[in-house]
Every structure is written in structure tokens, then in C-alpha cells.
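Reviewing the structure listed below.
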């Protein structure tokens, strides 16, 4: 099986990279963490114009998808640039509503998601705990408990998070939208989409951390030479690169399997644990090789470092993913 991207997919990645490079995403992430969502939502609109959210929405609802491979390409770039907001949850909610087969809810929300006119958070307490990401700012917060899907009425106060830009709040109340086995099946599919997108974010995050660290050790000097010339530093960076490059084909393989079969729990779990662990290792490497400056929040590097562990654990911890890979 061929896991290389085609020319159109590579051009899509370059377009998103250029868009995000020109958008000052660190400023948007810092503002989002402080409760100012305007820069992040403006960026959200530009991403929608580029077709990012339409990739998760079927053509019947004014989307382009579902296109899992292109979704993985897009979320790799979103992770590379530390874009804030319930990105994963929005595309997962779109997948859930489409699979549910409830045309009323799908018609109400999917065209808005595709156009970037609605942010949606999704909470599945059995998978994500009691909190939903950015529930305080989302236009809709969907919650699935057992076989019941409800639309939350409001959100509780924002809770502290390891990553300040990942704002967590508990959904409160809600209107029941659907019940029954169909909800459970749709949620399982949505969780796979969420895990795939999170794995892609982790891969992009890890590459950003590695690139910034390589640039830094080439400039920082010790004993009159760049620290990047030290053999121990070279080995540490090489190990980080190998881990990230090993995760890349697993991510594409999982996306292809999801596109071809409509489900790929083992493949996605393998990609999720591998990319998450590689990004977490890249964060540790970046922190160590930047030295004391790496601990400062003023340095933009912190925006990436503080995402590594939450992304590693979101939508499937390493233990959960490994168990899924090994399940009979």
C-alpha cells in the first residue's frame, strides 16, 4: 500500500501552512487562553474558506467529505501551528450527526459547520471525562452518555488545564436529541474520527517542536561552538525525528483504512499512540535542549510544549490505544 501524499494533497498542506504562517497563531492562542476568542474565530473562518471543516461534512450537507486522508493532512498543519479551538470536536460532532441518520439535526448543523459558521464541542464522558473542550464558546455542545445524545443548555465555569488554550468546562442540562443503539454506533465512529484528527495534530505538533529546537541549537553556543554540533544533542534530535517519521505512515494508513472501510479502530489506535508518544518525546527534547529559557511562558515554544501531553491523552490514552490494538 502506498502511503505517500499525492500532488493535490501536498499542495493543500502547503496552502494551509502559508495561511497559518501569515496568521500569527501564537497571538490567537494566547488570546484564546485569556478568554478573548475573536482572533481565534477569525482564523476559524479563514480555515473554513480553505475547506478544512467541509472535509468532515458529506456533500449532501454542503461539504466535501468525508475525506479522512485530507482531514489528516489538514490537522497535521493545525497541530504544527498550534491553532486553538474545538477543532477536533467539531469534525467529530459532524461525523456523529451524519452517521446518526437524523436528518433534522444534521441539516441544522452540518452546513453551518462546513461553512465555518458554527463551532461545536463534543463530550463523551466515558471517553473524555466530564468536561468538554471550549464548551463555554461553542455554538453547540453535544454530550453522549450511554445511548443518549443531548444538546447541552449551558456550560459551567472554565476549569484549569495543562494547556491554557484548551479550555475545559462541564456541559449542563440539555435537550435529548436521540436515544438508542444508533447513538452508540455513531459515537464510536465519531470517536475514531476524533482520535485520527488528534493523532494528526500530535504529529504536526511534534514536527514544529523539532524544527524549532533544531533552529535553536544551531544558534546557541557553548565553548565557542553551536550546541547542535555536540554528538549527544545530534543523537537526541535524531531519535525524535525517527519517532515522528515512524508515526507518519501509521497516520496515513489509518486514514486510508477509515476511508475504505468506514471503521479502523486498530489502525487509528496505533497511529494515535505512536504520534502522541512521539510528540510528547519531542516536547521533552525541546524543553531540555532549550535549557532554562524553555520553561518560560513568554517563549512561544511553551504554546507547543503544553499541548503535547493533553493531545497524547485526548480521545484515547496510550494505555487505551494499546489495549485496542491488542484486542482479539
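Which residues, taken from the stretch 19-36, are more than 18 Å from the chain's Cα centre (by Cα) and farther than 16 Å from residue 79 by Cβ?
Residues satisfying the conditions are 22, 24, 27, 31, 34, 35, 36.
Quick one: residue 69 ticks every box in (1) part of a helix (DSSP H, G or I); (2) more than 22 Å from residue 203 (Cα to Cα) except a single one, so which number is it?
(2)
Inspect all residues belonging to the stretch 108-124 and state whether any of them is within 27 Å of residue 206 (Cβ to Cβ), in a helix (DSSP H, G or I) and at pLDDT 95 or above.
No.
Can you pull out the residues in the stretch 72-91 that are within 16 Å of residue 46 (Cβ to Cβ) and not in a helix (DSSP H, G or I)?
Correct list: 81, 82, 83, 84, 85.
What single numbered condition from (1) in contact with a helix residue (DSSP H, G or I) (Cβ under 6 Å, 6 or more places away or on another chain); (2) closer than 30 Å to residue 120 by Cβ fails to hold for residue 188?
Residue 188 satisfies every listed condition except (1).
Just name the residue that is farthest from residue 187 (Cα to Cα) out of those in the stretch 97-107 that are part of a helix (DSSP H, G or I) and touching a strand residue (DSSP E or B) at 6+ places or on another chain (Cβ under 7 Å).
Selected residue: 105.
Does residue 48 satisfy the condition of being assigned to a helix (DSSP H, G or I) and either at pLDDT below 95 or buried (at least 21 other Cβ atoms within 10 Å of the Cβ) (or both)?
For residue 48, the condition - assigned to a helix (DSSP H, G or I) and either at pLDDT below 95 or buried (at least 21 other Cβ atoms within 10 Å of the Cβ) (or both) - is not met.
Select from the stretch 152-183 the residues that are surrounded by 19 or more Cβ atoms within 10 Å (Cβ to Cβ), part of a loop (DSSP other than H, G, I, E, B) and in contact with a strand residue (DSSP E or B) (Cβ under 9 Å, 6 or more places away or on another chain) and list them in ascending order.
Hits for the stretch 152-183 are 152, 166, 167, 170.
Without any contact (Cβ under 8 Å) to a residue 60 or more places away in the chain and within 26 Å of residue 303 (Cα to Cα): which single residue out of 137, 120, 144 fits that description?
120
Please find, within the stretch 15-37, the residue that is nearest to residue 301 (Cα to Cα) out of those that are surrounded by fewer than 21 Cβ atoms within 10 Å (Cβ to Cβ) and in contact with a helix residue (DSSP H, G or I) (Cβ under 7 Å, 6 or more places away or on another chain).
26
Give me a count of the residues in the stretch 302-323 that are in a helix (DSSP H, G or I) and either under 22 Å from residue 26 (Cα atoms) or modelled with pLDDT under 95 (or both).
Result for the stretch 302-323: 11.
Any residue at all in the stretch 129-151 that is closer than 24 Å to residue 282 by Cβ and outside any loop (DSSP other than H, G, I, E, B)? Write out each step before concluding.
Step one: filter the stretch 129-151 for residues closer than 24 Å to residue 282 by Cβ, giving 133.
Then keep just the ones that are outside any loop (DSSP other than H, G, I, E, B); that gives 133.
Yes, the stretch 129-151 has at least one match.
Could you please find all residues in the stretch 291-301 being surrounded by fewer than 21 Cβ atoms within 10 Å (Cβ to Cβ) and assigned to a helix (DSSP H, G or I)?
291, 292, 293, 294, 295
Out of the stretch 310-328, which residues are within 18 Å of residue 206 (Cα to Cα) and surrounded by fewer than 16 Cβ atoms within 10 Å (Cβ to Cβ)?
Scanning the stretch 310-328 gives a single hit, 317.
The values are calculated or read from the model by the stated rules, or taken from the named source; none is laboratory data. What you see is a predicted model; the values in this text were computed from it and never measured. Neighbour counts run over all protein chains shown; Cβ positions are idealised from the backbone, glycine included.
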